[in-house]
Amino acid sequence: MKKMYAFVNGKVALKEENGQLFVPEVIDSLSREDIAGILQLEDGDIATSILSEEQLSSMGLVLHDVRESRLQIASADFQAMCRAKQLLFWHNNTMFCPTCGAPTFRSDSLEKRCPKCGHLSYPPLAPAIIVRVERGADEILMVRAKSFRSDHYGLVAGFLEPGESLEECVARELMEETHIKVRNIKYEGSQPWPFPCGVMIAFSAEYESGDIIKQEEELVDAQWFHRDNLPKLPDGMSIARQLIDAWLKK
């Protein structure tokens, strides 16, 4: 069944039934006057709708913050919605060729071409690392960033820089944010993060040396926490929480 991924002013239009959110099916009743742009996908359409909240409500749809909806929506629906959001970001930011300025056209589902100079563009990805640092068997490093939306603690994370390996990024981010050194950096998994086009690449590492000196510009707090006295944790769908839960099961 095809779906309609409708984004209005940065929010997504979803169906809500008994406290559960769903991606709606394709809305045949929408006219061209209702929609600012459509991007066709294999499993549905992405629409940038100019419908009002009142019109959406009459269709049984409610606007939700994309990031917060992940706590109420099925994992498969959220993953598909995230892909749609990332593709829409790419589509809206590549209307014109970055080389010569000519209008581009979509030559493939994941490719745009400039008819004038032949430049090709593809959906961008911004890789970022996140790392669980263990000190002994019972302590992990946790931080509260100024960018966090709630009072929870998370793990050190940051974007990959040009010319840098993922492991080098892990070591650099830890040094910049907490001033500690680590060893035995190991890959643990990954998670798409469409805000707007990231992918989180998760690692674990062992503490080697250094005293915590938090980066004042980015962090509210940084501490070692014992497994029996953890602070408020990230939500269960985040890869940060998955890393913490896996450590707790050791």
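The values are calculated or read from the model by the stated rules, or taken from the named source; none is laboratory data. In this text the structure is predicted, and so the values were computed from the model without any measurement. Note: ideal-geometry Cβ built from the backbone for every residue, glycine included; neighbour counts use all protein chains shown. Please note that ligands, DNA and RNA were not included when accessible areas were found on the heavy atoms of the full protein model with its side chains. Shrake-Rupley method; radii C 1.70, N 1.55, O 1.52, S 1.80 Å.
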Positive-end residue, the chain charge dipole about Cα centroid, Cβ charges, pick of 133, 169, 215: 169
Among the DSSP beta bridges whose two residues both lie in the chain, what percent are antiparallel, rounded to the nearest 5? 75
Mean residue ellipticity at 222 nm from the helices of the chain, using -39,500 (n - 2.57) per DSSP H segment of n ≥ 4 over the full residue count, to the nearest 500 deg cm²/dmol? -6000 deg cm²/dmol
Proximal charge balance of residue 120 [Cβ under 14 Å; K/R count +1, D/E count -1]: +2
Helix 166-178 axis, angle to the chain major axis (alpha carbon atoms, nearest 10°): 70
Over all directions, average the projected area of the Cα convex hull of segment 65-182 and note it in nm². 10.8
Normalised per residue, the volume of the convex hull around the Cα set of segment 108-250 (Å³): 139
How much of the accessible area of segment 43-188, probe 1.4 Å, is carbon plus sulfur, in whole percent? 53
Could you give the dipole magnitude of the chain about its Cα centre, charging the beta-carbon of Lys and Arg +1 and that of Asp and Glu -1, in debye to the nearest 20? 400
Average Cα contact separation per residue, the chain, under 8 Å, 6 or more apart, as relative contact order %: 15
Specify the inter-centroid distance of segment 235-250 and segment 65-140, based on alpha-carbon positions, in whole Å. 24
Consider the candidate values (1) 23.3; (2) 17.3; (3) 16.6; state which one is mean projected area of the Cα convex hull in nm² computed from the structure displayed. (3)
Could you give the accessible area per residue of the chain, probe 1.4 Å, as a whole number in Å²? 53
Cα-only Rg/Rh for segment 74-139 with Kirkwood Rh rounds to 1.26
Can you classify segment 178-250 as rounded, prolate or oblate using the Cα gyration tensor, where a ≥ b ≥ c are the square roots of its eigenvalues, rounded means a/c under 1.5, and otherwise it's prolate if a/b beats b/c and oblate if not? rounded
Nearest-ten-degree value, helix 75-92 long axis tilted from longest Cα axis of the chain: 70
So, by mean Cβ neighbours within 10 angstrom, what's the order for 166-174, 242-250, 66-74 with the highest one leading? 166-174, 66-74, 242-250
Tell me, in nm to one decimal, what length is gained between residue 206 and residue 119 on full extension, where the rule is 0.36 nm per residue of separation less the Cα-Cα distance? 26.9 nm
With a 1.4 Å probe and all protein chains kept in place, how do 178, 104 rank by accessible area, largest first? 104, 178
Report the calculated FRET efficiency for residue 199 and residue 105 (r = Cβ-Cβ distance, R0 = 35 Å), to the nearest 0.05. 0.85
Segment 150-203 - percent relative contact order, Cα under 8 Å, separation 6 or more: 23
If each K or R counts +1 and each D or E counts -1, the residues other than residue 246 whose Cβ falls under 13 Å of its Cβ total +3
Taking the Cβ of residue 194 as the center, what net charge do the other residues with Cβ under 11 Å away carry, scoring Lys and Arg +1 and Asp and Glu -1? +4
